[in-house]
Amino acid sequence: MTAFPEISKIHYEGPDSKNPLAFRFYNPEEIIEGKSMAEHLKFSCAFWHTICADGSDPFGLGTMFRPWDMEKIGMEKAINRVNVFFEFCEKLQIPYYCFHDRDIAPEGETLAEFQANLDEVTKVFKEQQQRTGIKLLWGTANMFSNPRYMHGAATSCHADSFAFAAAQVKKALEITKELGGTGYTFWGGREGYQCLWNTDMKREIDHLAAFMHMAVDYAKEIGFTGQFYFEPKPKEPTKHQYDFDCAACINFLRAYGLQDHVKMNIETNHATLAGHTVEHELDYAGMQGMLGSVDANTGDLLLGWDTDQFPTDIYLTTKMMLYILKHGGFTTGGLNFDAKVRRESFEPNDLFYAHIGGMDAFAKGLKIAAAIRKSGEWEQMIAQRYHSWDSGIGAEIEAGKHNLKTLANYALEKGNIAPLSSGHQELFENVINRYMFTD
Ligand code: XLS
Ligand code: NI
Ligand code: NI
């Protein structure tokens, strides 16, 4: 049985191809900076969007009636979805995937039933992984959909919600380990508040830290060696999420002694909701050795919510790849398409167009970023801007040889400042455009 009978494996056909079901830039074996494109980009497919999203939104019901779901319910539907998902990833040459516990198996009536369902479906994932060679990038637990998490999970005012969330994470870690996952992600679904009047913020954040420590301890106990990630998002569904942006997350991790265990999973649309560009977030996390993985999507700057669109903007992907390469590329992480097709794009083929577009955009971005890096021009321009720090007083300050008194003496003696140099912002922008558009 095949879910996509009319679609065969998607191949690289080169930039001149007009075939909508082919890659124009993503050529997995092509070597860039000594590594294949596949190794650089480490694409991952998100189970929840690609296989579960039905197009429903707060104003309307689902629009996507997937033929493979028809007449199926419960575990039969869940297991069938896994098979369809792997066929999809295989056809697109996507080497990794990510899941939430709740989107791979029905919750059933009780937690025990949920866990039994997870065990059953995990077997199918394992078989499919063995058959296809596709790997698990990271797993996670959905601790925001069930009404028991209305006040949050680890940060709930109800201790029982915390306990149930702990049970979910325990199981999700076990499955992630069983499936050889290279990571585990925390996204604080409802870890935040709607109203500060009714909120004990310190108590909630202390609980969040205790919860993450429990996860780290349990991972150690069961021998799960994957990387933990924390995924910043400033708002939605709560008005203020505690995992606001990389700066807030990294501060939280350091304040509670979690910095050696957890890195950032950076999502483009979340960065823009926080009032940052995603390259800002990548560079900020990267400079502190905290760049772990990426949820690759894009938002709509005219809308104030997480639209989770597929990234097709080559400027965006070029900038992202520049900063990812700058910080050494991915080790455990990858580019997970935390993105969904629009409600109106309800045909199964749209899922292919969307992923092909995203993969090609990142492949092209990688190539342009590598060209910029190869010439060294951009780095040299930045280095030139900071050259006063390379010798003389600048080098002495960086070497820790000065204090306010010695610097005051230096300034008094100098009497006036040497002429400054221009920031050349427009020149920088023009140079980048030269690499963007080579013809
Ligand atoms: C939601 C998040 C979510 C996480 C995983 O906005 O992006 O999908 O990536 O829980
Ligand atoms: Ni995400
Ligand atoms: Ni998101």
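The values are calculated or read from the model by the stated rules, or taken from the named source; none is laboratory data. Since this is a predicted model, take the numbers as computed values, not measurements. Note that each Cβ is placed from the backbone with ideal geometry, even for glycine, and that neighbours are counted across all protein chains shown. For accessibility, only protein heavy atoms count, side chains too; no ligands or nucleic acids. Shrake-Rupley method; radii C 1.70, N 1.55, O 1.52, S 1.80 Å.
The set of residues in segment 262-280 that are over 23 Å from LYS220 (Cβ atoms), within 12 Å of ligand 2 (Cβ to nearest atom) and not in a helix (DSSP H, G or I) comprises ILE266, GLU267. Any chance segment 339-349 includes a residue that's open to solvent by 20 Å² or more (accessible area, probe 1.4 Å), within 16 Å of ligand 3 (Cβ to nearest atom) and closer than 24 Å to TYR229 by Cα? Yes, because at least one residue in segment 339-349 is open to solvent by 20 Å² or more (accessible area, probe 1.4 Å), within 16 Å of ligand 3 (Cβ to nearest atom) and closer than 24 Å to TYR229 by Cα. Annotation note: of GLN241, GLN227, GLN168, the sole residue that is touching a strand residue (DSSP E or B) at 6+ places or on another chain (Cβ under 9 Å), more than 29 Å from GLY304 (Cα to Cα) and polar (S, T, N, Q) is GLN227.
Being exposed (fewer than 10 other Cβ atoms within 10 Å of the Cβ) and out of contact with any helix residue (DSSP H, G or I) (no Cβ under 9 Å at 6 or more places or on another chain) is the filter here; which residues of segment 404-419 pass it? Show your work before the answer.
Residues of segment 404-419 that are exposed (fewer than 10 other Cβ atoms within 10 Å of the Cβ), as a first pass: 404-405, 412-413, 415-419.
Residues satisfying the conditions are LEU404, LYS405, LEU412, GLU413, GLY415, ASN416, PRO419.
Residue count for segment 246-278, restricted to those that are without any contact (Cβ under 8 Å) to a residue 40 or more places away in the chain, within 13 Å of ligand 3 (Cβ to nearest atom) and out of contact with any strand residue (DSSP E or B) (no Cβ under 9 Å at 6 or more places or on another chain): 1. Within segment 281-303, being open to solvent by 40 Å² or more (accessible area, probe 1.4 Å) and either touching a Ser or Thr at 6+ places or on another chain (Cβ under 9 Å) or of a type in the set (Lys, Arg) (or both) holds for ASP300, LEU301. Is it true that ASP283 is charged (D, E, K, R), closer than 18 Å to ASP245 by Cα and either within 13 Å of ligand 2 (Cβ to nearest atom) or modelled with pLDDT under 95 (or both)? When the stated conditions are applied, ASP283 does not pass them. Out of curiosity, is LYS364 closer than 24 Å to GLY14 by Cα, touching a helix residue (DSSP H, G or I) at 6+ places or on another chain (Cβ under 7 Å) and among the charged types (D, E, K, R)? Here the answer is yes, as LYS364 does meet what is asked. Do we have ASN142 as modelled with pLDDT of 95 or more, within 16 Å of ligand 1 (Cβ to nearest atom) and closer than 27 Å to THR225 by Cβ here? Judged against the criteria, ASN142 is a match.
In the set (1) open to solvent by less than 40 Å² (accessible area, probe 1.4 Å); (2) out of contact with any Phe, Trp or Tyr (no Cβ under 9 Å at 6 or more places or on another chain), the condition left unmet by ALA141 is number (2). Of all the numbered requirements in (1) away from ligand 3 (no atom under 16 Å from the Cβ); (2) touching a strand residue (DSSP E or B) at 6+ places or on another chain (Cβ under 8 Å); (3) open to solvent by less than 10 Å² (accessible area, probe 1.4 Å), LEU335 misses one, and that requirement is (1). Does segment 219-231 contain at least one residue that is within 15 Å of ligand 1 (Cβ to nearest atom), of a type in the set (Asp, Glu) and at positive phi? Scanning segment 219-231, I find no residue that is within 15 Å of ligand 1 (Cβ to nearest atom), of a type in the set (Asp, Glu) and at positive phi, so the answer is no. Among the conditions (1) within 16 Å of ligand 1 (Cβ to nearest atom); (2) open to solvent by 30 Å² or more (accessible area, probe 1.4 Å); (3) not small (Gly, Ala, Ser), THR312 misses just one, which is (1). Within segment 329-341, residues that are of a type in the set (A, V, I, L, M) sit with their Cβ atoms under 6 Å from residues that are part of a loop (DSSP other than H, G, I, E, B) and within 13 Å of ligand 1 (Cβ to nearest atom), at 6+ positions apart or across chains, in these pairs: LEU335/ALA296; ALA339/ASN297; ALA339/ASP308. Listed by first and then second residue, the pairs linking a residue in segment 288-312 that is without any contact (Cβ under 8 Å) to a residue 40 or more places away in the chain to a residue that is open to solvent by less than 50 Å² (accessible area, probe 1.4 Å) and more than 16 Å from ligand 3 (Cβ to nearest atom), with Cβ atoms under 7 Å apart and 6 or more places separating them unless they lie on different chains, are GLN288/ILE250.
Regarding segment 19-40, can at least one residue be identified that is under 18 Å from CYS89 (Cβ atoms), touching a helix residue (DSSP H, G or I) at 6+ places or on another chain (Cβ under 8 Å), surrounded by 13 or more Cβ atoms within 10 Å (Cβ to Cβ) and small (Gly, Ala, Ser)? Yes, that holds for at least one residue.
Within segment 57-79, restricting attention to residues that are free of Cβ contacts under 8 Å to residues at least 24 places away in the same chain and part of a loop (DSSP other than H, G, I, E, B), the residue that is nearest to GLU236 (Cα to Cα) is PRO58. Which ones in segment 200-238 are surrounded by fewer than 18 Cβ atoms within 10 Å (Cβ to Cβ), among the basic types (Lys, Arg) and within 16 Å of ligand 3 (Cβ to nearest atom)? Once the filter is applied, which keeps residues that are surrounded by fewer than 18 Cβ atoms within 10 Å (Cβ to Cβ), among the basic types (Lys, Arg) and within 16 Å of ligand 3 (Cβ to nearest atom), segment 200-238 yields only LYS235.
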